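Structure, as structure tokens:
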Amino acid sequence: MKDFYQPLIESSEIIKLLRKERQLKPFCQQVLQKKVIDKAAEERGLTVTPEEIQAAGDKLRRDKRLEKAADTIAWLAEQMISVEDLEAGICDRLLWQKLAEHLFAKDVEKIFVQSKLQFDHIILYQIIVANLQLAQEIFYEIKEGEISFFDAAHLYDIDETRRHLCGCEGKVYRWALKPDIAVAVFSAKPGEVIRPIETERGYHLFMVEKFIPAELTPERYQEILHNLFNEWLANEVNYLLYNCKV
């Protein structure tokens, strides 16, 4: 770090700014997390090989289209890090993943099965208007074929962005919806318009375009694994802090 900004910036100035911006605690939490991970990995005999670091580094360069050595050097300079810094960061991330797999890989499928319904999702459209009378009028006009759901959303929705999208909310998970709304939309048939539902935002009309049952995809696997590991890591850091104060 010294090579990049000293003597213009001292380390003490960085810490002072972190304090002022209320970012010192998150930064210290990351330091403690690394200590916990390093200790837990060492206790379990988990290591990262030079070949694994090289493979991950090559992937990073491909992802960032750093085709030539000069491109990589320029990118490192822009990031204010050295090759050693980059490799150390890659090593930390690989060790994080290895430890997460070691601790919780066996639990991912069980957690997925237990909460599978929450991972079901839909392609959802909705219209929100300010009063019940208008919502009911729109509902019956759509039911009678006097206007399409998409045209009604484009004309009447209170949100400008959703008007431009003709009511499209895109992919929505069951857990992201309020319980009463989740029951209504997941009980409907594709293309069916649901009667107005009142919330603090107004009166909602919903239409489900498509139901997508939950699958344990590689992305979902990593999401569950990360959640389990992050919960464990937070508890370990809190335990470390508690013992430090005792």
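The values are calculated or read from the model by the stated rules, or taken from the named source; none is laboratory data. All of these numbers come straight from a predicted model, not from anything done at the bench. Neighbour counts are summed over all protein chains in view; Cβ atoms, including those assigned to glycine, are modelled from backbone coordinates with ideal geometry.
Quick notes
- Residue count for the stretch 34-63, restricted to those that are touching a residue at least 12 places away in the same chain (Cβ under 8 Å) and in a helix (DSSP H, G or I): 12.
- When Leu18, Leu32, Leu8 are checked against the criterion of being of a type outside the set (Asp, Glu) and within 21 Å of Asn230 (Cβ to Cβ), a single residue qualifies: Leu32.
- In this structure, Leu66 does not qualify as surrounded by 12 or more Cβ atoms within 10 Å (Cβ to Cβ) and touching a residue at least 60 places away in the same chain (Cβ under 8 Å).
- Figure legend. Inter-residue proximity from the stretch 102-125: first residues closer than 23 Å to Lys39 by Cα and loosely packed, with under 13 Cβ neighbours inside 10 Å, second residues of a type in the set (A, V, I, L, M) and modelled with pLDDT under 90, beta-carbon distance below 6 Å, spacing 6+ or different chains. No pairs are indicated.
- Scanning the stretch 192-221 for residues that are of a type in the set (D, E, K, R) and under 15 Å from Leu177 (Cα atoms) gives Glu198, Glu200, Arg201.
- Meets criteria (part of a helix (DSSP H, G or I) and either touching a residue at least 24 places away in the same chain (Cβ under 8 Å) or surrounded by 12 or more Cβ atoms within 10 Å (Cβ to Cβ) (or both)) for Lys98: yes
- Hey, Leu66 within 25 Å of Cys244 (Cβ to Cβ) and not in a helix (DSSP H, G or I) or not: no
- Evaluation of Leu216 against the conditions (1) out of contact with any helix residue (DSSP H, G or I) (no Cβ under 8 Å at 6 or more places or on another chain); (2) modelled with pLDDT under 95; (3) part of a loop (DSSP other than H, G, I, E, B) shows that the sole unmet condition is (1).
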